[in-house]
Amino acid sequence: MEQGPANVFDADAVREKYLSERDRRLVPGRAATRDLGTDERFAPYRDDPFTPVVQRDPIIDETEVVILGGGIAGILAGVELRKAGVERFRIIDQAGGIGGTWYWNRYPGVMCDVESYIYLPMLEELDYVPRDRYASGQEILDHLQAIAQRHDLCAGALFHTGVTGAAWDGTTGRWQIRTDRGDRISARYYVLAVGILNLLKLPEIAGMEDFGGHSFHSARWDYGYTGGAPGRPMTKLGDKVVAVMGTGATGIQCIGPLADAAERVLVFQRTPSAVGERGNRPTDPAFAQHRESGWQQARMDNFQAVMLGRPVDRDLTDDGWTHDYAAVQNPPRKREGESFGDYLRRAEALDFEIMEAHRRRVAELVADSGTAEQLKPYYRYLCKRPCFHDEYLSSFNRPNVALVDCPGGIERVSAEGLVVDGHQYQVDCIVYATGFEAELTPLYRRAGHEIIGSHGISLADDWAEGAASLYGMMIRGFPNMFAMPAPGQQAVVTVNYTQLAVLGAEVIGRTIGELAARGTTVFEVSAEAQDAWTSQVVSSFVDGSSVMSACTPSRINNEGRPELLEPRNGNYGRGFGDYFGYRDLLRSWLGAGDMDGLELR
Ligand code: NAP
């Protein structure tokens with residue numbers, strides 16, 4: 001994004017403005033979320049609107065591996081298991097098919113704002129080139145299904161199936177896994193590939209149960225009600241007023257198609273997103289034709305290097321992530337003789353310039369100045385996940401789209417609509433684009449069932465004081481179990497999640513292959529290895545709470561309580577972690593082949 005002159009930066013005034021905007025949003029109960037596992041009234045919001053559930057008999061089986069989750073992580077784990085020669089494994093997923101987040105998120109306009117050439121996995125192996133620079137959800141889902149087909153991943157998969165409990169049986173040296181379909185599966189290895197966007201976040205707002213219209217979460221789009229289908233116009237909304245609650249990455253993508261279809265769209269915004277240019281365009285035929293072997297991994301590495309502030313010859317992705325996000329994440333180094341205060345102020349000025357450019361973009365694209373002002377984000381860039389879109393902001397110029405600014409949230413839901421500041425907005429439909437329990441939700445909750453290890457202790461109890469692991473992937477007391485690396489569990493974080501999943505899958509496939517080659521049937525993480533890894537994670541934790549407490553509340557700063565972030569749930573390396581260091585370490589561990597840190601039987 002183009003930046004303006006820095007000389008207008010008045011640090012005190014900017015800080016004051018940001019704090020006052022933060023305070024408008026720091027209201028009690030803002031993060032109250034329904035637990036759909038226990039809230040019977042709203043549990044049906046999780047039901048699958050895309051694939052009918054077919055009754056089947058329970059399965060009693062012994063298999064080599066159970067992979068919990070059929071999204072990108074589970075698919076890649078399955079591919080690596082095939083490469084390691086594992087013939088029998090079962091993917092289990094609550095969805096009606098493969099795809100994970102791309103199975104569930106079929107809302108109109110769904111796209112991935114991370115470049116398609118690095119996000120869609122295994123492009124080289126499938127000899128596939130995405131149609132556009134940023135892929136639609138449907139194209140991603142089709143591609144994931146093609147991978148699954150190529151590697152026969154769905155043979156034995158149990159869809160529309162939730163695991164209700166998993167327990168290590170020391171006598172047989174296997175995991176005993178139970179499901180909500182009555183299945184009893186015994187597996188030598190258990191792989192948790194549950195993802196980070198698998199738990200819907202449905203807010204707890206007074207009166208939601210009284211709403212007389214139709215409502216659903218964006219990750220369960222009800223095309224039966226709206227008409228149409230993914231990628232095709234919605235046909236049944238011509239006389240409907242639709243409320244969209246939420247203006248994160250999802251909300252901003254579905255508002256344009258809704259405006260095409262509905263009589264009126266009311267956008268309920270609590271915090272404006274920083275919406276940068278996406279710049280989507282069809283794939284250049286020259287790029288599609290001239291690709292050298294290894295190009296995709298090289299391109300992923302190039303993106304990741306830029307995101308970590310490492311020097312590259314050329315920024316191949318060249319988009320808002322690599323410009324703005326990378327710039328703020330890696331501010332220029334401290335100059336010789338510069339005081340720390342001056343250095344921080346320089347980083348703050350850079351952030352201000354980038355946010356000013358976003359605010360200018362709003363003013364340029366939104367005709368009504370009052371609406372434009374409400375759409376301007378006033379916080380530091382990394383306080384919220386940034387968004388990128390080319391049509392979202394200008395959709396507020398359409399006569400049937402209106403913004404309802406509600407920094408303190410929705411007062412209540414009535415039988416007829418939503419109430420903000422005492423005013424009732426009558427609507428026919430509410431779309432909850434309110435996101436997911438992401439990032440900070442611990443692994444045991446995302447897994448959604450009790451996992452009992454070798455000492456009869458559950459993972460929830462074991463991690464009650466925070467995570468403890470080897471490489472964020474294996475846990476002492478939970479033999480033969482792997483967790484795909486993810487935020488909040490002692491691994492690293494990558495904006496391009498696929499890149500991390502590729503690495504995690506490689507580790508799992510090669511480890512299981514090596515154990516089989518040695519004739520090892522059970523591995524357990526040694527206490528020393530786990531303590532050493534956990535200490536390393538804790539020692540690299542940087543307490544950013546003084547900066548983050550000034551942020552607008554979001555899940556990134558624990559909804560305004562960053563001081564409660566647990567160092568043990570941090571990453572390998574400062575901040576988002578040192579992805580390349582983590583990869584080198586894992587690869588040299590795999591290469592050494594001695595399984596150092598594991599006790600083998
Ligand atoms: P989100 O980023 O968590 O946004 C949720 C929205 O709902 C926010 O605008 C939030 O307001 C609002 N909200 C929540 N509770 C509310 C309440 N009680 N009253 C009023 N508003 C409320 O969720 P998302 O947009 O679904 O995105 C989630 C994640 O999915 C993203 O971070 C990203 O990782 C992924 N995603 C990625 C893409 C992509 O293109 N790659 C696309 C979609 C989603 P506040 O901001 O005030 O909290």
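Since every read-out is calculated from the coordinates, none of them should be taken as a lab result. Because the structure is a prediction, the values reported are computed rather than measured. Methodologically, a virtual Cβ is constructed for each residue, glycine included, from the backbone with ideal geometry; neighbour enumeration extends over all protein chains shown.
Data for the structure
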item	result
Flag if A219 is assigned to a helix (DSSP H, G or I) and more than 16 Å from the ligand (Cβ to nearest atom)	no
Residues of the stretch 96-155 satisfying the condition of being β-branched (V, I, T), more than 14 Å from the ligand (Cβ to nearest atom) and buried (at least 19 other Cβ atoms within 10 Å of the Cβ)	I98, I147
Scan of the stretch 425-438 for residues that are out of contact with any His (no Cβ under 7 Å at 6 or more places or on another chain), part of a strand (DSSP E or B) and not polar (S, T, N, Q), ordered by number	Y425, I430, V431, F436
Residue check, L470 in contact (Cβ under 8 Å) with a residue 40 or more places away in the chain and within 17 Å of R568 (Cα to Cα)	yes
Of residues in the stretch 28-61 being polar (S, T, N, Q) and assigned to a loop (DSSP other than H, G, I, E, B), the one nearest to the ligand (Cβ to nearest atom)	T38
Contacts under 6 angstrom Cβ, first residue in the stretch 349-367 being within 17 Å of C387 (Cβ to Cβ), partner acidic (D, E) and part of a helix (DSSP H, G or I), 6 or more apart	I354/D324
Residue check, R232 buried (at least 17 other Cβ atoms within 10 Å of the Cβ), more than 15 Å from the ligand (Cβ to nearest atom) and not polar (S, T, N, Q)	no
All positions within the stretch 439-457 that are closer than 20 Å to V163 by Cα, in contact with a helix residue (DSSP H, G or I) (Cβ under 8 Å, 6 or more places away or on another chain) and in a loop (DSSP other than H, G, I, E, B)	P442, G453
Close pairs (6 angstrom Cβ cut-off, 6 or more residues apart or separate chains): in contact (Cβ under 8 Å) with a residue 40 or more places away in the chain in the stretch 248-271, among the basic types (K, R) and more than 11 Å from the ligand (Cβ to nearest atom) anywhere	A259/R398; A262/K240; E263/K240
Test: residue in the stretch 387-394 that is small (G, A, S), closer than 30 Å to A262 by Cβ and within 13 Å of the ligand (Cβ to nearest atom)	no
Residue within the stretch 470-493 that is among the basic types (K, R), surrounded by fewer than 19 Cβ atoms within 10 Å (Cβ to Cβ) and in contact with a helix residue (DSSP H, G or I) (Cβ under 7 Å, 6 or more places away or on another chain) present	no
Any hit, the stretch 164-185, residues being buried (at least 21 other Cβ atoms within 10 Å of the Cβ), under 24 Å from A438 (Cβ atoms) and within 11 Å of the ligand (Cβ to nearest atom)	no
